[in-house]
Amino acid sequence: MSPRVLWAMFTATQSDKDTLKLNEARAYGLDPHHLQFSGGETKWESSAFALEHGLGQVEPIIVEEEMTLSKAFSTAMRPSKIIPYFYRASDEFEPDDITVTTLVTSSRLGAFSQLIDQYQGPISVTIHVGNTTNEIQAVLRSLKSLYATSRNMASYVDVHLVIDSFDRQFNTWRNIARLFARTDYVMMLDVDFYLCTDFRTAIRKTRHIMDKLRGGNTALVIPAFEYTRYSDGLDPSAFPRDKRALLSLIKSKRLGMFHASWIPGHNSTDYKRFYAAPPGDVYKVTQYTSAYEPCDERFIGYGGNKAACLFEMYISGISFFVLADHFIIHQSHRYEEIARKNEVSLEQSLQKLSINQVYQGRIVWAHDGVKELLGDIAEVVYLDSKNRSEFLSAFQPGGRFFDVVGIYRENGSADIIGTFDREIIDGLSASVKWIAHNGAGYDPVDVYACIERGIYLSNTPGAVNDATATTALYLLISTLRQYSISERSLRAGQWKPSGLSAQARDLTGRTLAILGLGGIGLRFAELAHAFPMRIIYHSRHEVQDAPKWCEYFEDVDEMLAQADVLSVHVPLRADTVGLVGERMIRALKRGAIIINTARGKVIDEQAMIVALEDGHLASVGLDVFPNEPEVNPRLLEFPNVTLLPHMGTETQDSQRLMEIRALQNLRDYLVSGMGKDLVPEWKNAKKSDL
């Protein structure tokens, strides 16, 4: 007995069928002549079965349809206008048939048309429409055209519209299609999967399989595959149609299980057993784990969210049986720009990202991070351009990176293609929406060119704090204690230089002035305070959550006059080039020290060298230089300075954290439309700048 006849069902009231809410339709920009849904009210009718057992209500209960749908999909991220049966299939379906439930965006109507003609059975589809007049009209025209050109669509397809301004409620859309399916069994399917075998006929003609489904505690599994080479998956007419041909392609490694990188997923299929299973076998899955399963198999009968956890289904009493003769294959496809605006389905679409790295086009430390953060939502391609010109040409129409959505950038790539200046930014294809820069400082990227193009830019604050702060601490200790002179003496085969103690000073009790109390500056302050040192700072504004022992100076000159050591921690921008210049250096007391782990161009290098020559500065500790990797040879002549070749984040721990943070920004953008670490210029951009 069908579960839907046990208790009750919704049906439209006759008056609602006769009267369409024309004003409401026009408010949404819909053509009322197309509307074929139940209207404004539904009635809840108790079934005969319920009434026979003293349950339910004799008289039908009238319920507002808006109320019904809002409750049915109360987990949606925001209210949506749901129009079930916008188009209703002309055919009537047997209760034990199998309805394919899916969601489709405007860019995938072609693939959907292919699915309709191939399946030729009941399909329940949710189509999302953005809440703008232009998009509503465009989708309606496309649907009308599809109905006019496909007799199968009119016969087999129920279309349900969702109208709102939020385009990522994928589970809601899937569940709408499932709720309004008109058969007892459903197969939740992404439209880009090609049905290589006729599982529907095989299931319905096989009595023992149908008996399992009718028992109510069985889900059938159809294994999913994808081609290992993108081009092989473009033409479904060349896909295998039987298991023998499938196994041949698997043996040659041209075909593999879908989302093979997901570990430890795919346990419900047990692919090795599938490969070895004899023809006609329907074997029971005997091993379950609590691993999250992305979208590698489709379930018939259970009808739950397709991203359901297998273990939860298992403990609810559902048994899985794999159809050993049947399979589906993911079709390769690339998305037009309009598709990315309206379709960012995490389990349906693979958006393309460029990993812009110099290390043979690879992430250095976070290999697992690429797979873990992006493997289930993006097609990741690695940059292999040999020069700037080749890089830019790849973003032109027909180029390898023409449809790239996001770019991961690491500073080493400048050795090959240069900085991301205006020429690079303007040369990127319109598909590029996010650049995830690996580093706290992002001056190698023209942020204002990005803003003009509408390309978001993120950096990696926080991930660099410890490593850069400990570098500053090393420079602090070395310059105050004059360790650079001591090391030079020892390497020259000599012992302690005479008179060194007169130049060296302890850290305890000294005053450290921090210019820019951001994440790195604050971490350095914590380290230096432990000696203890007195900590004073100047920023554009007082830092509200700074420790009480951090003394804020609104007047930078007043701060400089009290400093024994000035540590620079400001980002490089047009307004900070040469910030620490002649005036600021001379405002320091004679014998002071400057430390710089920010950017070389923040300090007027010539003014600093002059101050070293005349003794106004006792020493400097530098990890950064204006024209890296070049270093002013004059600096190398001073034995009392400590120099490092930009070692601030040169640890595998910090670099891994930086890589992960940059990748996380890309993932966040693909998932939610915004990353965590959008740079300040973007946050402060006026609408007129965009």
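Mind listing whichever residues of segment 384-440 are of a type in the set (S, T, N, Q) and in contact (Cβ under 8 Å) with a residue 12 or more places away in the chain?
Listed by number, the residues that qualify are S385, N387, Q396, N411, S413, T419, S429, S431, N438.
From the list L517, L507, L560, exactly one residue is open to solvent by less than 40 Å² (accessible area, probe 1.4 Å), out of contact with any strand residue (DSSP E or B) (no Cβ under 8 Å at 6 or more places or on another chain) and closer than 20 Å to N596 by Cβ. Which is it?
Working: L517 fails: out of contact with any strand residue (DSSP E or B) (no Cβ under 8 Å at 6 or more places or on another chain); L560 fails: out of contact with any strand residue (DSSP E or B) (no Cβ under 8 Å at 6 or more places or on another chain).
Of the residues listed, the single one that is open to solvent by less than 40 Å² (accessible area, probe 1.4 Å), out of contact with any strand residue (DSSP E or B) (no Cβ under 8 Å at 6 or more places or on another chain) and closer than 20 Å to N596 by Cβ is L507.
Which pairs do you get when a residue that is without any contact (Cβ under 8 Å) to a residue 24 or more places away in the chain, found in segment 624-646, comes within reach of a residue that is charged (D, E, K, R), reach meaning Cβ atoms under 7 angstrom, with the pair 6+ apart or on two chains?
That search, which allows pairs on different chains as well, returns H646/D623; H646/E628.
A quick yes/no check of all residues on (1) in a helix (DSSP H, G or I); (2) surrounded by 14 or more Cβ atoms within 10 Å (Cβ to Cβ); (3) out of contact with any strand residue (DSSP E or B) (no Cβ under 8 Å at 6 or more places or on another chain); (4) charged (D, E, K, R):
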{"position": "V380", "(1), (2), (3), (4)": "no, yes, no, no"}
{"position": "S385", "(1), (2), (3), (4)": "no, yes, yes, no"}
{"position": "L392", "(1), (2), (3), (4)": "yes, yes, yes, no"}
{"position": "G399", "(1), (2), (3), (4)": "no, yes, yes, no"}
{"position": "I416", "(1), (2), (3), (4)": "yes, yes, yes, no"}
{"position": "E423", "(1), (2), (3), (4)": "yes, no, yes, yes"}
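Which ones in segment 427-440 are more than 18 Å from L670 (Cα to Cα) and buried (at least 23 other Cβ atoms within 10 Å of the Cβ)?
L428, A440
Residues E582, E628, E605, E554: which one is over 24 Å from Y442 (Cα atoms), open to solvent by 30 Å² or more (accessible area, probe 1.4 Å) and touching a helix residue (DSSP H, G or I) at 6+ places or on another chain (Cβ under 9 Å)?
Answer to the selection: E582.
Could we say that D677 is surrounded by 12 or more Cβ atoms within 10 Å (Cβ to Cβ), modelled with pLDDT under 85 and of a type in the set (D, E, K, R) here? Spell out the reasoning first.
Numbers: surrounded by 12 or more Cβ atoms within 10 Å (Cβ to Cβ): yes; modelled with pLDDT under 85: no; of a type in the set (D, E, K, R): yes.
No, not satisfied.
Taking only segment 592-623 into account, find how many residues are in contact (Cβ under 8 Å) with a residue 40 or more places away in the chain, touching a strand residue (DSSP E or B) at 6+ places or on another chain (Cβ under 8 Å) and closer than 24 Å to N465 by Cβ.
Residues flagged as in contact (Cβ under 8 Å) with a residue 40 or more places away in the chain, touching a strand residue (DSSP E or B) at 6+ places or on another chain (Cβ under 8 Å) and closer than 24 Å to N465 by Cβ within segment 592-623 amount to 8.
Among (1) surrounded by fewer than 22 Cβ atoms within 10 Å (Cβ to Cβ); (2) in contact with a helix residue (DSSP H, G or I) (Cβ under 8 Å, 6 or more places away or on another chain); (3) at pLDDT 80 or above, where does H160 come up short?
Against the list (1) surrounded by fewer than 22 Cβ atoms within 10 Å (Cβ to Cβ); (2) in contact with a helix residue (DSSP H, G or I) (Cβ under 8 Å, 6 or more places away or on another chain); (3) at pLDDT 80 or above, H160 comes up short only on (1).
For segment 137-156, give me each residue that is in contact (Cβ under 8 Å) with a residue 12 or more places away in the chain and of a type in the set (G, A, S).
A138, S142, S150, A154, S155
Matching residues to (1) assigned to a loop (DSSP other than H, G, I, E, B); (2) farther than 24 Å from A574 by Cβ; (3) under 22 Å from the mean Cα position of the chain (by Cα):
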site: A607; (1), (2), (3): no, no, no
site: A618; (1), (2), (3): no, yes, no
site: P629; (1), (2), (3): yes, no, no
site: D653; (1), (2), (3): no, yes, no
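Is it the case, given these coordinates, that Y448 is touching a helix residue (DSSP H, G or I) at 6+ places or on another chain (Cβ under 8 Å), surrounded by fewer than 24 Cβ atoms within 10 Å (Cβ to Cβ), hydroxyl-bearing (S, T, Y) and outside any strand (DSSP E or B)?
In short, yes.
Here's a check for you: in segment 183-231, which residue that is in a helix (DSSP H, G or I) and within 37 Å of the chain's Cα centre (by Cα) is surrounded by the fewest Cβ atoms within 10 Å (Cβ to Cβ)? I'd like the intermediate steps shown before the answer.
Taking segment 183-231 first, the residues in a helix (DSSP H, G or I) are 199-205, 207-214, 230-231.
If we keep only those that are within 37 Å of the chain's Cα centre (by Cα) as well, we get 199-200, 230-231.
Values: F199: 21, R200: 21, Y230: 14, S231: 8.
Here the answer is S231.
Report those helices (runs of 4 or more DSSP H) wholly inside segment 451-564 carrying at least 3 residues which are without any contact (Cβ under 8 Å) to a residue 12 or more places away in the chain and farther than 30 Å from M674 by Cα. Lay out the reasoning, then the answer.
Values: elements: 465-481, 483-491, 519-529, 556-562.
Of the helices (runs of 4 or more DSSP H) lying wholly inside segment 451-564, those with at least 3 residues that are without any contact (Cβ under 8 Å) to a residue 12 or more places away in the chain and farther than 30 Å from M674 by Cα span 483-491.
When residues of segment 401-414 are filtered for being within 18 Å of V370 (Cβ to Cβ) and open to solvent by 10 Å² or more (accessible area, probe 1.4 Å), how many remain?
2
Only one of (1) in a loop (DSSP other than H, G, I, E, B); (2) over 30 Å from A449 (Cα atoms); (3) of a type in the set (G, A, S) fails for A611. Which number is that?
(1)
For segment 566-605, give me each residue that is within 45 Å of the chain's Cα centre (by Cα), of a type in the set (D, E) and not in a loop (DSSP other than H, G, I, E, B).
Listed by number, the list holds a single entry, E605.
Among (1) in contact with a Ser or Thr (Cβ under 7 Å, 6 or more places away or on another chain); (2) within 22 Å of L572 (Cβ to Cβ); (3) not in a strand (DSSP E or B), there is one condition P639 misses while meeting the rest; what is its number?
Single failed check for P639: (2).
If A414 satisfies all but one of (1) among the hydrophobic types (A, V, I, L, M, F, W, C); (2) touching a helix residue (DSSP H, G or I) at 6+ places or on another chain (Cβ under 9 Å); (3) more than 30 Å from S501 (Cα to Cα), what's the number of the condition it fails?
Looking at each condition in turn, A414 falls short on (2).
The values are calculated or read from the model by the stated rules, or taken from the named source; none is laboratory data. Worth saying up front: this structure is predicted, and the values here are computed from it rather than measured. When we count neighbours, we look across all protein chains shown, and the Cβ atoms used for this are built from the backbone with ideal geometry, even at glycine. Only protein heavy atoms, including side chains, enter the accessible area calculation; ligands, DNA and RNA are left aside. Shrake-Rupley method; radii C 1.70, N 1.55, O 1.52, S 1.80 Å.
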